[in-house]
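> Sharing a structure with you now.
None of the figures in this text is laboratory data; all of them are computed from the coordinates on show. Predicted model, so just to flag it, every value in this text is computed and none were measured. Cβ placement follows ideal geometry from the backbone for every residue including glycine, while neighbour counts extend to all protein chains displayed.
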Amino acid sequence: MLKIENLNVRYDGAHALKGINIEVPRGSVVALIGANGAGKTSTLRSICGLVKNVSGKIIFEGQDITGLKAYDRVKLGIAMVPEGRRIFTNLTVFENLLMGAYTRTDKEKILEDIEKVYRLFPRLKERKSQKAVTLSGGEQQMLAVGRALMSSPKLLLLDEPSLGLAPNLVREMYRTFAEIHQNEGLTILLVEQNARMALELADYGYVLEVGHIVLEGPSQELAQNEGVKKAYIGG
Ligand code: ATP
């Protein structure tokens, strides 16, 4: 579904990605593991069209989208849940979800899909008229995921979805990802610093270190790798 070939990202003074190759097959969950500053967010932002200085190729469903605008990539079916959630804090839960559907033209299905998000996250339904700023961190993360789902994506990009959440909430969030993946057949590319949950959910994983992919393989193998255990799983 997604193929990244020789991707390079440069910022003023920083060569953040140095020729990485990643493949995300349709219907799979792929994890991208790496420490702070490894280039994980830059990878996801490049796929969404949010980074300027990019070279290499990004192929989505056989189409070269490297030069395409972010809005058009959302329309093709790419959605991201950004790190730090970035929800619209002054809008209500319902309005945030509606904003997620901004590229869609099938207006009659949008309300149906909002109900689907409420079934996935009943807490959002209870708080639908509440301003997003009043939600807890975990609820804001649910809203960020719900909003991404509202664009009807084929590929969901998740940037450190466990960041700042209590362990039980992280498990709940990951159970929901597994449910979306199984029920909706959604393909997921997931970025995490903490590899344990990510590798449990994923079929395949890549390890990114200062702009290079240094290791890749089936996630069960990566989870057993001593270097990965030491650096990204702990214990
Ligand atoms: P983290 O886990 O801390 O979010 P990351 O793996 O997602 O890290 P990136 O955010 O992709 O890493 O950053 C990769 C490198 O690019 C870092 O050295 C970072 O300082 C640099 N970088 C990222 N964004 C910019 C920017 N807008 N301008 C300049 N340098 C940047």
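> If every alpha-carbon in the chain counts as one equal scatterer, what log10 I(q)/I(0) does Debye give at q = 0.10, 0.11, 0.13, 0.17 1/Å?
Debye intensities relative to I(0), on a log10 scale: -0.44, -0.54, -0.76, -1.29.
> At residue 130 and residue 112, where each label point lies 7 Å from the Cα along Cα→Cβ, what is the point-to-point distance in nanometres?
Spacing of the two 7 Å Cα→Cβ label points: 2.9 nm.
> Going through the cross-link list 18/57; 69/109; 109/131; 40/229; 18/229, which pairs have a Cα-Cα distance over 22 Å in this structure? All intermediate terms of the calculation are to be shown ahead of the outcome.
Values: 18/57 13 Å; 69/109 25 Å; 109/131 24 Å; 40/229 19 Å; 18/229 24 Å.
In this structure, 69/109; 109/131; 18/229 lie more than 22 Å apart at Cα.
> Relative contact order for the chain: what is it in percent, counting Cα pairs under 8 Å that are at least 6 residues apart?
The normalised contact order for the chain reaches 28 percent.
> Relative to the longest principal axis of the chain, what angle (0 to 90°, nearest 10) does the C-alpha long axis of helix 167-184 take?
Rounded to the nearest ten degrees, it is 80.
> To continue, here is another question. Along the charge dipole of the chain, Cβ charges K/R +1 and D/E -1, which of 140, 211, 41 sits furthest on the positive end?
My answer, from the dipole projection, is 140.
> Next question. Using modelled backbone amide H atoms (1.01 Å from N, in-plane), which distant-in-sequence or interchain residues come within less than 5 Å of residue 213's amide H?
21
> Aspartates and glutamates within cross-link reach of residue 154: Cα-Cα under 14 Å, excluding same-chain residues under 8 positions apart?
Of all the aspartates and glutamates, those that pass the test against residue 154 - Cα under 14 Å, at least 8 places apart if same chain - are 61, 72, 184.
> Among 11, 204, 118, which one moves the most in a GNM of the chain with springs linking Cα atoms closer than 10 Å?
For the chain, modelled as a Gaussian network with Cα springs under 10 Å, the answer is 11.
> Could you give the dipole magnitude of region 1-116 about its Cα centre, charging the beta-carbon of Lys and Arg +1 and that of Asp and Glu -1, in debye to the nearest 20?
Values: 17 positive and 13 negative charges, 71 e Å.
Here region 1-116 has a charge dipole of around 340 debye.
> Additional query: Which one, 32, 94, 21, is farthest towards the positive end of the dipole of the chain when Lys and Arg carry +1 and Asp and Glu -1 on their Cβ?
About the Cα centre, the residue reaching furthest to the positive side is 94.
> Counting only other residues whose beta carbon sits under 12 Å from that of residue 61, what net charge do I get with K and R as +1, D and E as -1?
For residues surrounding residue 61, the net value is +3.
> Continuing with this model, one more query. Starting from the Cα gyration tensor of region 10-115, take the square roots of the eigenvalues, sort them a ≥ b ≥ c, and report rounded, prolate or oblate (rounded when a/c is under 1.5, otherwise prolate if a/b is larger than b/c, else oblate).
Prolate, because a/c is 1.5 or more and a/b exceeds b/c.
> Around residue 184, under 15 Å between beta carbons, what's the net of Lys plus Arg minus Asp minus Glu among the other residues? The partial results should precede the final answer.
On the way: positive: 26, 109, 116, 119, 154, 175; negative: 112, 113, 115, 179.
Result for the neighbourhood of residue 184: +2.
> Give a quick list of GluC sites (Glu not before Pro) in region 54-123 that DSSP marks as loop, anything other than H, G, I, E or B, with at most 14 other Cβ atoms within 10 Å. Working shown, then result.
On the way: sites: 61, 83, 95, 108, 112, 115; in loops: 61, 83.
For GluC sites (Glu not before Pro) across region 54-123 that sit outside H, G, I, E and B with at most 14 neighbouring Cβ atoms in 10 Å, the list reads 61.
> Follow-up. So how far, in whole Å, is the C-alpha centre of region 121-179 from the one of region 5-38?
With region 121-179 and region 5-38 each reduced to a Cα centre, they are spaced 24 Å.
> Measuring from label point to label point, each 7 Å out along Cα→Cβ, what is the residue 53 to residue 5 span in nm?
Spacing of the two 7 Å Cα→Cβ label points: 2.4 nm.
> Using a simple charge model, +1 on the beta-carbon of Lys and Arg, -1 on the beta-carbon of Asp and Glu, nothing else, what dipole does the chain show about its Cα centre, in debye to the nearest 20?
Details: 30 positive and 27 negative charges, 119 e Å.
The calculated dipole for the chain is roughly 580 debye.
> Please give the helix 107-120 orientation as an angle from the longest Cα principal axis of the chain, in degrees from 0 to 90, rounded to the nearest 10.
70 degrees
> Rounded to the nearest 500, what is the chain's calculated 222 nm mean residue ellipticity when only DSSP H runs of at least 4 contribute -39500 (n - 2.57) each, over all residues?
Working: 9 runs with 87 residues, N = 235.
It comes out at -10500 deg cm²/dmol, rounded to the nearest 500.
> Which value, in nm² and rounded to one decimal, describes the direction-averaged projected area of the C-alpha convex hull of region 143-217?
Seen from a random direction, the Cα hull of region 143-217 projects 5.5 nm² on average.
> Taking residue 128 as the anchor, which aspartates and glutamates have their alpha carbon closer than 17 Å to its alpha carbon, excluding any fewer than eight residues away along the same chain?
Reachable aspartates and glutamates: 95, 112, 113, 115, 139.
> Near the amide H of residue 206, under 5 Å away, which other amide H atoms are found, from residues 5 or more places off or on another chain, if H is placed in the peptide plane?
It is 31, 32, 33, by chain and number.
> Shifting gears a bit: What is the sum of charges around residue 52, taking Lys and Arg as +1, Asp and Glu as -1, for the other residues whose C-beta is under 15 Å from the C-beta of residue 52?
With Lys, Arg at +1 and Asp, Glu at -1, the net is +3.
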